[in-house]
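Remarks on the structure that follows.
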Amino acid sequence: METHVHDVLVIGGGGAGLRAAIAIAETDPALRVALVSKVYPMRSHTVSAEGGAAAVIKPDDTLEAHAYDTISGGEWLCDQDAVEALVREAPEELLRLEHWGCPWSREPDGQVAVRAFGGMKIRRTWFAADKTGFHLLHTLFQTSLKYRGVARYDEWFVTRLLVDEGRCQGVVALELATGEVHALLARAVVLATGGGGRVFPFTTNANIKTGDGMTLAYRAGVPLKDMEFVQYHPTGLPFTGILITEAARSEGGWLLNKDGYRYLQDYDLGRPEPVPVLRAMELGPRDRLSQAFVKEMEKGRTIETPHGHVVHLDLRHLGARVIEAKLPLVRELCLQYQHLDPVRELIPVRPVVHYMMGGVHTDLTGATPLPGLYAAGETACVSINGANRLGSNSLTEILVFGARAGRAAAAYAARAPAPDGPVRAQALDEERRILSQVLGNRSGGERVATVRAAMQRALEEGAGIYRDESGLRRAAETIQELKARVGRVTLDDRSHTFNTEVVALLELENMLDVAEAIVHSALWRRESRGAHQRTDWPARDDAHFLAHSLAYRSAHGPPRVDPLPVTITRWPPGERVYGR
Amino acid sequence: MPETLVLEVRRYRPEEEAEPTWQRYQVPFRREWMVLDALNHIKDHLDGSLSFRWSCRMGVCGSCGMMVNGDPVLTCATYLETLLPGPVRVEPLRGFPVIRDLVGALTDFLVKLRRVQPWIVRETESPPAQGEYRQTPDELAAYRSYAQCINCMLCYSACPIYELEPGFLGPAVIALAQRYNLDSRDQGREARMEVLSEHDGIWACTLVGECSTVCPKHVDPAGAIQRYKLEAAAAWAKALLRPGSGP
Amino acid sequence: MNPAYRRHHPKWHRARMPIFWWLRKWSYFRFIARELTSLFVAYAAVLLLVELRAVGAGPEALARFTAWLRSPPVVALHVVVLLALLFHTLTWLHLAPRAMVVRLGSRRVPDVAVLMGHYGGWLAASGLVAWVLLR
């Protein structure tokens with residue numbers, strides 16, 4: 001078995017991973033860094049992000065205001081010291097990206113422009129037209145090419161962390177092009193593999209978002225935090241689930257029910273005005289907007305289509321010029337995927353799963369409880385986003401915490417001893433497992449796609465926007481059955497060369513662990529807060545649940561879920577008010 | 001509207017055969033399906049051994065480029081309906097070595113990309129905390145289209161020169177070099193000129209123009225290359241007339 | 001099973017480019033035709049040199065040359081040459097907007113304007129030459 005030795009490994013080549021790799025290379029050019037990704041970095045899901053990245057830059061804005069919007073948006077489940085770090089470091093990170101070439105949209109005088117975004121009282125979202133994630137990712141990727149010290153293992157799929165003597169010492173990875181299993185040893189590992197939206201059937205997420213990094217940590221005994229908080233983005237296209245950015249609403253778009261009525265005014269989000277009012281109506285937070293959709297549907301006021309119920313996003317009053325200048329991708333997507341022109345027609349939209357607030361438990365520096373293991377980006381839960389993420393905080397988070405995790409991992413690696421002998425034996429075990437159990441003789445006749453679809457259905461029905469005890473229990477049982485069924489999946493493809501079916505199987509196994517963590521964390525949290533809404537516990541309960549959930553994997557049976565208190569510094573929990 | 005459609009897919013399984021073969025699949029026809037949906041149907045329900053890349057399914061990640069009926073397209077953005085009655089031929093992107101089935105090797109592009117230094121090159125850096133480098137909307141417009149490249153490689157597949165002369169830098173690499181050359185914040189023009197002016201750089205291009213025709217993001221790499229030819233020629237003439245006037 | 005396969009070392013398949021690659025697509029054929037018309041441009045240049053030499057060699061030489069020019073097969077050939085030259089010229093003119101980005105203040109001059117400018121220049125130059133020759 002081939003063994004490759006580095007000082008720091010970064011798993012995942014999206015915004016957080018690339019930023020971490022660059023941070024390590026800049027912190028300590030002597031460190032041997034390697035970026036390991038199951039896809040080429042420019043394919044990472046950061047590329048699909050549209051709306052923007054938030055940072056305080058304009059004179060009318062303050063760090064306190066950004067922090068407060070974030071904390072109230074997260075319904076006080078955010079760790080306030082982490083939020084303070086985020087808002088403080090955000091401007092410099094976004095300026096650094098600008099220096100690296102990111103084509104931020106500008107004011108006429110050449111300064112960076114900002115726009116309004118959901119849940120924020122002041123305009124502070126930097127944007128690059130409506131393809132901010134695309135430009136951010138390509139800027140980071142191209143800039144990373146400058147650092148000769150960063151090695152890359154493109155299209156290598158990490159299957160397991162190597163842990164010995166209580167610290168993480170590397171990974172085992174499958175090289176897709178050849179089917180060879182390798183050991184990559186290092187003194188520190190940073191997980192930046194994104195979220196796991198593909199456990200749900202309707203999602204803005206790409207095919208690759210299968211929670212791989214979360215599962216790697218989970219199986220190594222690291223807890224997953226706040227997994228019950230899954231964000232539904234209010235405006236995804238029906239059938240494909242493709243994202244229509246929140247920026248469409250911040251530029252002035254309206255959400256209409258089947259009677260052409262701006263229904264959000266019925267849900268304590270303010271009064272409809274002709275121009276967008278921050279923190280009101282269509283610029284309310286995502287969880288409240290998605291919940292309003294469900295209520296409208298229950299009242300029979302949504303539009304039924306062959307692909308489910310929708311409401312309409314109306315951009316017609318913005319005019320062609322604004323749409324072309326500020327929302328060109330939205331127009332392109334509508335024309336291509338819905339055969340309609342938003343300049344003249346209404347866009348059908350519905351809530352779709354978009355983001356996981358939860359993830360691998362880390363502290364402010366990106367360190368997990370396992371020494372030598374770090375995490376950043378959607379994979380991690382610091383927690384910045386609490387019970388609900390505000391739009392445009394994620395792209396900022398991946399930069400700030402990608403850099404923090406990178407620096408912390410670099411500092412650790414500089415002091416840590418070299419990886420030891422026992423991990424090589426572990427790696428050989430993993431190779432044997434993959435060759436014999438995964439690729440080897442399997443029986444049972446199940447197909448990956450069938451088991452996957454059943455998992456997605458179970459999550460949508462039991463752990464959707466509104467949940468209750470019986471629905472969650474049913475989902476938990478289904479997941480248990482599916483974990484047995486996945487062992488009976490037989491593969492059509494038993495070859496070694498670029499076997500994408502075995503990758504799909506490994507991803508499915510990962511997703512089942514993520515699904516289990518979501519459902520059991522949701523069962524534990526007997527309250528409603530942010531994106532986690534329980535019809536059987538409809539009120540917020542700060543007395544018992546002003547705490548994160550920590551889900552620890554059990555060898556047999558459901559995960560153990562423990563509470564972890566939230567760090568409150570300056571903003572005591574209050575009422576979440578929008579529209580007034 | 002028919003109920004089904006036939007896909008003829010190019011297979012290559014190096015462990016089983018020395019040469020690629022064709023395989024026919026019959027898939028359901030749906031008006032809202034792209035070619036990618038048909039391929040996923042095959043993989044999920046008919047033949048799990050079909051290997052291909054895909055990710056975002058919304059035309060921004062650049063993973064799913066393949067030859068469909070002889071043209072390089074993004075399969076996530078090509079409706080089956082436009083290909084009726086079929087059969088639809090699906091092959092891996094031309095011009096790249098095939099690893100397996102519809103998966104090509106992209107290492108050549110990445111090697112060449114690095115050579116043109118696709119990052120902001122500056123003589124003097126100012127710390128980010130001091131504020132942004134000012135750039136007006138017009139200055140941004142100067143390089144905007146070249147910054148839209150999703151690295152899908154359709155342009156390389158469309159370019160006969162790249163197939164005939166594999167050393168050619170290629171449309172996307174040159175367009176990306178131009179993206180930085182034309183960025184008002186960049187000062188790396190000189191640094192990139194040597195690589196771009198090589199025989200296998202811009203001068204290998206004979207303006208077939210197919211790269212710009214197939215580009216799904218309207219980057220216009222052909223335009224980028226021709227514009228740079230004027231610049232490179234002028235620089236060469238200047239150097240000739242005033243030797244020693246270079247950096 | 002492929003006996004040539006060595007585990008974890010798959011052979012990448014490199015397709016050979018067919019000799020008639022340029023017949024694969026209409027746009028490729030047009031491109032090759034465009035390039036080949038440069039041969040006709042070379043022919044026209046050589047023809048001009050031959051004509052100049054005939055002029056310099058005296059009236060009989062010029063008369064022989066003119067008679068040759070008038071013979072039906074040569075006329076037919078030169079119709080083909082003219083069409084090829086026109087094709088060459090038009091395709092090259094239409095490439096001009098590709099190579100030139102002209103900015104007037106902050107706006108970019110649209111491609112069609114650049115193209116029309118080139119047409120205008122071509123027609124003006126041709127008109128001048130025609131006037132000089134035919135007056």
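Where a number appears in this text, it was derived from the coordinates with a stated rule and is not lab data. Predicted, not measured: the structure shown is a model, and the values here were computed from it. Backbone-built Cβ (ideal geometry, glycine too); neighbour counts: all protein chains shown.
Treating r as the C-beta distance of A:His544 and A:Arg580 and R0 as 35 Å, the FRET efficiency rounds to 0.80.
A protection proxy built from the mean count of other Cβ atoms within 10 Å ranks the segments C:126-132, B:131-137, most packed first, as B:131-137, C:126-132. Among C:Ala33, C:Ala99, C:Ala61, the residue with the largest mean-square fluctuation in a Gaussian network model of chain C, with springs joining Cα atoms closer than 10 Å, is C:Ala99. Against chain A, whose longest principal axis comes from its Cα atoms, helix A:80-99 is set at around 90 degrees.
In straight-distance terms, cross-link reach from C:Lys25 covers every one of the lysines whose alpha-carbon lies under 26 Å from its own, apart from those fewer than eight places away in the same chain; here that gives B:Lys217. Build a GNM of chain B with springs between Cα atoms under 10 Å apart, and of B:Tyr162, B:Tyr25, B:Tyr143 the one that fluctuates most is B:Tyr25. Helical runs assigned H by DSSP (4 residues or longer) give chain A a calculated mean residue ellipticity at 222 nm of -11000 deg cm²/dmol, each run adding -39500 (n - 2.57) before division by the residue total.
The distance between label points at A:Arg473 and A:Thr535 comes to 1.6 nm (points 7 Å beyond Cα on the Cα→Cβ vector).
Which percentage, to the nearest 5, of the DSSP beta bridges contained in the protein assembly as shown is antiparallel? Of those bridges, close to 70 percent are antiparallel. When A:Asp314, A:Asp287, A:Asp109 are arranged by Cβ crowding within 10 Å, least crowded first, meaning fewest neighbours, the order is A:Asp109, A:Asp314, A:Asp287. Could you work out which residue, out of B:Ala175, B:Ala142, B:Ala129, moves most in a Gaussian network model of chain B, that is, has the largest mean-square fluctuation with Cα springs under 10 Å? In this elastic network of chain B, the residue with the biggest mean-square fluctuation among B:Ala175, B:Ala142, B:Ala129 is B:Ala129.
Kindly flag which residue pairs out of A:Lys209/A:Lys326; A:Lys131/B:Lys238; B:Lys112/B:Lys238 have an alpha-carbon separation exceeding 32 Å in this structure. Beyond 32 Å: A:Lys131/B:Lys238. Computed over chain C, the per-residue total of -39500 (n - 2.57) for DSSP H runs of n ≥ 4 gives a 222 nm mean residue ellipticity of -25000 deg cm²/dmol, rounded to 500.
Modelled this way, with points 7 Å down the Cα-to-C-beta line, the labels at C:Trp26 and B:Glu194 are 4.6 nm from one another. Neighbours of A:Val561, meaning other residues whose beta-carbon lies under 13 angstrom from its beta-carbon, give a summed charge of +1 when Lys and Arg score +1 and Asp and Glu score -1. Note on B:107-113: average number of Cβ atoms from other chains within 10 Å of each residue's Cβ is 2. Fewest-first ordering of A:Tyr466, C:Tyr119, A:Tyr412 by other beta carbons within 10 Å of each residue's beta carbon gives C:Tyr119, A:Tyr466, A:Tyr412. By the rule of a C-alpha distance below 24 Å, with chain neighbours fewer than 8 residues away ignored, the lysines paired with A:Lys258 are A:Lys295, A:Lys299.
Under a model in which nothing but the beta-carbon of Lys, Arg (+1) and Asp, Glu (-1) is charged, chain A shows a dipole of about 280 debye around its Cα centre.
Averaged over peptide A:202-212, the number of partner chain Cβ atoms lying within 10 Å of each residue's Cβ comes to 3. The calculated FRET efficiency for B:Glu32 paired with A:Ala454, based on their beta-carbon distance and R0 = 22 Å, is about 0.40. Shape class for chain C: oblate, because the ratio a/c of the largest to smallest gyration tensor axis (alpha-carbon atoms, square roots of eigenvalues) is 1.5 or more and b/c is at least a/b. In this simple spin-label model, placing a label point 7 Å from the Cα along the Cα-to-Cβ direction at both B:Lys238 and C:Ser126 gives a separation of 3.6 nm. As a calculated quantity, the FRET efficiency between A:Arg433 and A:Glu26 at R0 = 22 Å, using C-beta atoms, amounts to about 0.05.
From least to most packed, judged by other beta carbons within 10 angstrom and beginning with the fewest, C:Lys11, A:Lys58, A:Lys131 follow the order A:Lys58, C:Lys11, A:Lys131. Counting partner chain Cβ atoms within 10 Å of every residue's Cβ in A:501-507, what's the average? Mean number of neighbouring Cβ atoms from other chains: 2. The sum of -39500 (n - 2.57) across all DSSP H runs of n ≥ 4, divided by the residue count of chain B, sets its helix-only mean residue ellipticity at 222 nm to -9000 deg cm²/dmol.
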